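See below for the structure under consideration.
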Amino acid sequence: MLIETVQLKKHFTLGRGQILHAVDGVSIAIEENEILGLVGESGSGKSTFGKALIGLHARTSGEAFYNGELLPARFSPKDHLHYSRELQMIFQDPYSSLNPRMTVLEIIGEGLRIQGQHSKSQIRDQVADWLSKVGLHADHMSRYPHEFSGGQRQRIGIARAMIIGPKFVVCDEPISALDVSVQAQIINLLEELKQSMGLTLLFIAHDLSMVRYVSDRMAVMYLGTLVETGPADDVFFEPKHPYTQLLIESNPEPDPKLERTRPHIPIKGEITSPINMKPGCRFADRCPKVMEHCKTVTPAVTSLSDNHTVSCHLYQ
Amino acid sequence: MPVSDRILEVNDLSVEFSTYGGNVKAVRGVSFSVIRGETLAIVGESGCGKSVTVQAIMGLIPMPPGRITGGSAKLNGHELLGLEAKEANQFRGIQIGMIFQDPMTSLNPTMTIGDQIAETLMVHRGKSHKEASEQAVDLLEKTHIPEARMRVKQYPFEFSGGMLQRAMIAQSLACNPSILIADEPTTALDVTIQSQILELMAELQRTENMSIILITHDLAVVARMADRVAVMYAGQIVEMGSVDDIFYESSHPYTLGLKSAMPSNIGDRDKKLMPIAGSPPDLFSPPQGCGYFARCPYAMHLCEERQPEEFVVQGRQDHRSRCWLQHQDAPKVDALHQNNADRSHVD
């Protein structure tokens with residue numbers, strides 16, 4: 001296991017005694033060289049989980065391990081310096097995640113500069129090298145982010161994360177702000193880099209078809225908890241949890257004949273607020289198969305087959 | 001199709017914007033019609049001119065910097081382009097309703113939802129505030145907003161994204177429009193909420209007998225909703241046809257490119273995604289020939305020099321493609337057939 005979490009929680013205190021349970025007890029393991037896809041609606045806590053893994057959020061409780069080593073709950077500046085060599089992140093919005101006042105050289109080279117083991121000319125060479133690896137040109141080094149399109153900016157974001165040679169990268173919705181034809185470019189680039197660098201990725205997205213395409217395993221999150229995990233095709237084609245089933249039914253396919261024949265029964269209601277949660281299954285108020293004890297008893301994790309787990313009273 | 005069934009006819013529409021860098025030719029000769037009760041999807045990537053096209057029809061282009069440089073748009077025979085605001089208001093909001101991508105910024109944050117819907121009825125139908133407010137409740141109920149009577153008194157910030165989009169649909173339906181223009185209505189929403197909104201649109205289309213113009217970049221949404229599809233690229237419609245024509249008999253390399261760039265859940269997962277190389281042309285000075293020339297894997301010399309005409313595909317009048325490959329003397333491209341064949345096994 002390269003990454004492992006045990007009952008990881010991240011709560012935000014809102015004042016007036018209110019607590020937002022963004023991530024509420026997530027236990028998962030990510031093996032070396034694996035791509036784990038994490039899906040869920042807005043507000044399910046998937047980005048918060050990713051950030052908590054690499055120290056961008058301090059954990060409220062629970063444990064997170066990297067290579068068997070317990071990561072500090074709250075990273076000190078020294079921890080950041082140490083772990084940022086191994087753990088990196090690519091952000092969703094290529095517009096707001098690049099500093100508009102810095103040149104591409106400064107943005108991509110910043111990690112190396114902070115690590116302090118490279119001369120200026122070495123940094124320049126490596127940045128030039130990485131620009132060409134991500135499909136840009138060394139001449140682009142002196143430009144500013146506004147001179148690039150969304151897809152190009154995302155390439156800059158990728159180069160910034162990769163230049164330091166990380167082992168584990170959290171990709172937080174790296175393609176959802178991009179056009180379809182550009183999405184494929186970025187996905188192919190990530191796959192190439194994963195192969196050549198031996199990376200392990202946590203791929204966070206809400207596009208189910210893309211997650212299934214990219215990932216080896218898939219995890220489904222709802223209101224701060226994992227409801228189902230398993231091999232990507234198993235979860236996609238034989239979803240067990242009622243939430244996963246509805247999520248996949250809601251996902252349209254680019255195929256009119258198929259769309260005409262399948263039932264369109266949208267999932268009822270909307271994701272509830274993760275503030276001051278009560279025990280019981282988080283999905284109980286929207287679940288078509290809800291039972292009395294779902295509302296009071298939190299379901300435990302059940303192992304169905306190799307690697308396929310579900311947290312639902314129907315399977316206990 | 002009988003001419004009387006075409007409620008909207010757009011002919012050779014061109015729109016430009018003046019900027020410091022010169023004139024951007026955002027829409028370059030777009031023609032299409034909308035038939036009563038159908039859903040026409042206009043699909044394309046950022047900057048292809050799909051939103052500008054419908055904004056021109058609605059009279060929503062800011063002028064200056066925008067300028068409609070040619071063409072016509074007729075609603076039941078009445079010209080919509082070049083109207084004064086007062087004349088335009090007899091159509092927009094009444095016969096054509098519109099909903100937008102981002103409901104949070106499209107609604108007024110300082111007015112209650114009920115007042116915003118009522119305003120439409122007061123302005124266009126001359127109703128009293130009381131009558132209009134009463135009807136606002138009915139409209140919210142029609143879009144399945146629970147506890148509508150309480151909800152009309154709330155402000156946009158008290159609504160979720162999905163609920164706001166329902167409220168916007170309610171507002172656009174206030175005057176029983178014959179056409180609803182939906183500009184990326186679900187792009188900002190989660191897939192579960194998207195499914196609810198699409199279902200609502202389909203239901204209202206049946207009950208109200210509306211036509212829908214759906215602007216989207218998402219081919220999966222197109223597959224679910226559309227009867228006919230117009231694919232736009234660099235300010236032009238490059239292919240147009242029934243939804244099945246576009247998905248199973250694609251005749252334009254750009255349409256094929258879009259399809260191959262998306263993961264298919266039916267096919268093999270190990271099949272690599274095929275991105276479209278390069279980026280769209282600069283519309284400050286559009287290319288002399290085909291707009292897709294620089295990215296097209298099948299480009300010929302002719303494509304660089306001359307704009308492709310609109311060709312009828314395989315003798316089917318309703319399926320048209322702006323591609324020289326459809327010319328009778330053009331070389332036959334196996335890839336076009338191969339790619340379509342890959343998908344046909346789902347029949």
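The values are calculated or read from the model by the stated rules, or taken from the named source; none is laboratory data. Keep in mind the model is a prediction, meaning the values are calculated, not measured. Reconstructed Cβ throughout: ideal geometry from the backbone, glycine too, with neighbour counts over all protein chains shown. What goes into the accessible areas is simple: the full protein's heavy atoms, side chains included, and nothing from ligands, DNA or RNA. Shrake-Rupley method; radii C 1.70, N 1.55, O 1.52, S 1.80 Å.
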The number of residues in region B:154-166 that are within 14 Å of chain A (Cβ to nearest Cβ) and assigned to a helix (DSSP H, G or I) is 7
Looking at the structure I just gave you, is B:ARG295 on the phi < 0 side of the Ramachandran plot, of a type in the set (Lys, Arg) and buried (at least 22 other Cβ atoms within 10 Å of the Cβ)? no
Note on region A:215-224: residues crowded, with 23+ Cβ neighbours inside 10 Å and assigned to a strand (DSSP E or B) are A:MET218, A:ALA219, A:VAL220, A:MET221, A:TYR222
Filtering region A:66-81 down to residues that are open to solvent by 50 Å² or more (accessible area, probe 1.4 Å) and part of a strand (DSSP E or B), which residue is nearest to A:GLU32 (Cα to Cα)? A:GLU69
Suppose we filter region B:269-297 for residues that are assigned to a helix (DSSP H, G or I) and more than 9 Å from chain A (Cβ to nearest Cβ); how many remain? 2
Failed item in (1) exposed (fewer than 12 other Cβ atoms within 10 Å of the Cβ); (2) in a loop (DSSP other than H, G, I, E, B), with A:LEU98 passing the rest: (1)
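Would you check if there is a residue in region B:235-245 being of a type in the set (Val, Ile, Thr), outside any loop (DSSP other than H, G, I, E, B) and within 12 Å of another protein chain (Cβ to nearest Cβ)?
In the first step, residues of region B:235-245 are kept if they are of a type in the set (Val, Ile, Thr); the result is B:237-238, B:243.
Retained after the next criterion (residues that are outside any loop (DSSP other than H, G, I, E, B)): B:237-238, B:243.
From the residues that got through so far, the ones that are within 12 Å of another protein chain (Cβ to nearest Cβ) too are B:243.
Among the residues of region B:235-245, at least one is of a type in the set (Val, Ile, Thr), outside any loop (DSSP other than H, G, I, E, B) and within 12 Å of another protein chain (Cβ to nearest Cβ), which makes the answer yes.
For region A:103-118, name all the residues that are part of a loop (DSSP other than H, G, I, E, B) and either of a type in the set (S, T, N, Q) or closer than 15 Å to A:HIS82 by Cβ (or both). Let's see the steps before the verdict.
Just the residues of region A:103-118 that are part of a loop (DSSP other than H, G, I, E, B), to begin with: A:103, A:116-118.
Result: A:THR103, A:GLY116, A:GLN117.
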Single residue of region B:168-181 satisfying the filter (in contact with a Lys or Arg (Cβ under 8 Å, 6 or more places away or on another chain) and assigned to a helix (DSSP H, G or I)) that is farthest from B:VAL34 (Cα to Cα): B:ALA170
Filtered residues of region A:274-316 (kept if among the small types (Gly, Ala, Ser) and modelled with pLDDT under 80): none
Which numbered condition in (1) within 14 Å of chain A (Cβ to nearest Cβ); (2) under 30 Å from B:GLU203 (Cβ atoms) is the only one that B:ASN76 fails? (1)
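Okay, residues lined up against (1) under 20 Å from A:GLN185 (Cα atoms); (2) in contact with a Phe, Trp or Tyr (Cβ under 9 Å, 6 or more places away or on another chain); (3) without any contact (Cβ under 8 Å) to a residue 24 or more places away in the chain:
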position: A:MET102; (1), (2), (3): no, yes, no
position: A:LEU105; (1), (2), (3): no, no, no
position: A:ARG113; (1), (2), (3): no, no, yes
position: A:HIS118; (1), (2), (3): no, no, yes
position: A:SER121; (1), (2), (3): no, no, yes
position: A:ASP125; (1), (2), (3): no, no, yes
position: A:ASP129; (1), (2), (3): yes, no, yes
position: A:LYS133; (1), (2), (3): yes, no, no
position: A:TYR144; (1), (2), (3): no, no, no
For region B:317-347, which positions are charged (D, E, K, R), at pLDDT 85 or above and within 29 Å of A:THR261 (Cβ to Cβ)? B:ASP318, B:ARG320
Go through region A:247-271 and give me each residue that's more than 7 Å from chain B (Cβ to nearest Cβ) and open to solvent by less than 60 Å² (accessible area, probe 1.4 Å). A:ILE248, A:ARG262, A:GLY269, A:ILE271
Which of the following residues is under 23 Å from A:SER44 (Cα atoms), of a type in the set (S, T, N, Q) and not assigned by TED's automatic domain parsing to the domain that holds B:SER264: B:SER195, B:SER178? B:SER195
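Select, from B:VAL137, B:VAL191, the only residue that is within 14 Å of chain A (Cβ to nearest Cβ) and either open to solvent by less than 10 Å² (accessible area, probe 1.4 Å) or under 21 Å from B:ASP102 (Cα atoms) (or both). Break it down stepwise before answering.
On the way: B:VAL137 fails: within 14 Å of chain A (Cβ to nearest Cβ).
Unique residue meeting the criteria: B:VAL191.
Looking only at region B:207-228, count how many residues are in a helix (DSSP H, G or I) and away from every other protein chain (no Cβ under 13 Å).
We begin by selecting, within region B:207-228, every residue in a helix (DSSP H, G or I); these are B:207-208, B:219-225.
With the extra rule that they be away from every other protein chain (no Cβ under 13 Å), the set shrinks to B:207-208.
Final tally of qualifying residues: 2.
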How about region A:235-277: which of its residues are of a type in the set (Lys, Arg) and assigned to a loop (DSSP other than H, G, I, E, B)? A:LYS240, A:ARG262, A:LYS268
A:GLU86: passes all of (1) open to solvent by 50 Å² or more (accessible area, probe 1.4 Å); (2) more than 22 Å from A:GLU192 (Cβ to Cβ) but (2)
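Return yes or no: is B:MET111 open to solvent by 60 Å² or more (accessible area, probe 1.4 Å) and in a loop (DSSP other than H, G, I, E, B)? First the steps, then the outcome.
Details: open to solvent by 60 Å² or more (accessible area, probe 1.4 Å): no; in a loop (DSSP other than H, G, I, E, B): yes.
Considered against the rule, which asks whether it is open to solvent by 60 Å² or more (accessible area, probe 1.4 Å) and in a loop (DSSP other than H, G, I, E, B), B:MET111 comes out as no.
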Qualifying positions in region A:160-188 - more than 18 Å from the chain's Cα centre (by Cα), hydrophobic (A, V, I, L, M, F, W, C) and more than 10 Å from chain B (Cβ to nearest Cβ): A:ILE163, A:ILE164
Which of the residues spanning region B:78-99 are open to solvent by 60 Å² or more (accessible area, probe 1.4 Å) and in a loop (DSSP other than H, G, I, E, B)? B:GLY82, B:GLU84, B:ASN89, B:GLN90
Residue identified as within 15 Å of the chain's Cα centre (by Cα) and under 24 Å from A:ARG113 (Cα atoms) among A:LEU226, A:LEU193, A:LEU208, A:LEU199: A:LEU199
If we keep just the residues of region A:189-214 that are touching a Pro at 6+ places or on another chain (Cβ under 9 Å) and in a loop (DSSP other than H, G, I, E, B), which is nearest to the other protein chains (Cβ to nearest Cβ)? A:ASP207
Out of (1) more than 30 Å from A:LEU258 (Cα to Cα); (2) within 12 Å of chain A (Cβ to nearest Cβ), what's the single condition that is false for B:MET300? (2)
So is B:THR255 part of a helix (DSSP H, G or I), in the same structural domain as B:ALA330 (by TED's automatic domain parsing) and free of Cβ contacts under 8 Å to residues at least 60 places away in the same chain or not? yes
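From the list B:SER31, B:SER72, B:SER14, B:SER46, pick out the single residue that is within 30 Å of B:LEU258 (Cα to Cα), open to solvent by 20 Å² or more (accessible area, probe 1.4 Å) and assigned to a loop (DSSP other than H, G, I, E, B). Don't jump to the end; show me each part of the working.
Values: B:SER31 fails: assigned to a loop (DSSP other than H, G, I, E, B); B:SER72 fails: assigned to a loop (DSSP other than H, G, I, E, B); B:SER14 fails: assigned to a loop (DSSP other than H, G, I, E, B).
So the residue among B:SER31, B:SER72, B:SER14, B:SER46 that is within 30 Å of B:LEU258 (Cα to Cα), open to solvent by 20 Å² or more (accessible area, probe 1.4 Å) and assigned to a loop (DSSP other than H, G, I, E, B) is B:SER46.
In region A:23-52, what residues are part of a strand (DSSP E or B) and open to solvent by 10 Å² or more (accessible area, probe 1.4 Å)?
Applying the first criterion (part of a strand (DSSP E or B)) to region A:23-52 yields A:23-30, A:35-39.
Across region A:23-52, the qualifying residues are A:ASP24, A:GLY25, A:SER27, A:ILE28, A:ALA29.
Among A:CYS294, A:CYS281, which is the only one that is in a helix (DSSP H, G or I), surrounded by 14 or more Cβ atoms within 10 Å (Cβ to Cβ) and more than 13 Å from chain B (Cβ to nearest Cβ)? Talk me through it step by step, then tell me what you get.
Working: A:CYS281 fails: in a helix (DSSP H, G or I).
Exactly one of A:CYS294, A:CYS281 is in a helix (DSSP H, G or I), surrounded by 14 or more Cβ atoms within 10 Å (Cβ to Cβ) and more than 13 Å from chain B (Cβ to nearest Cβ), namely A:CYS294.
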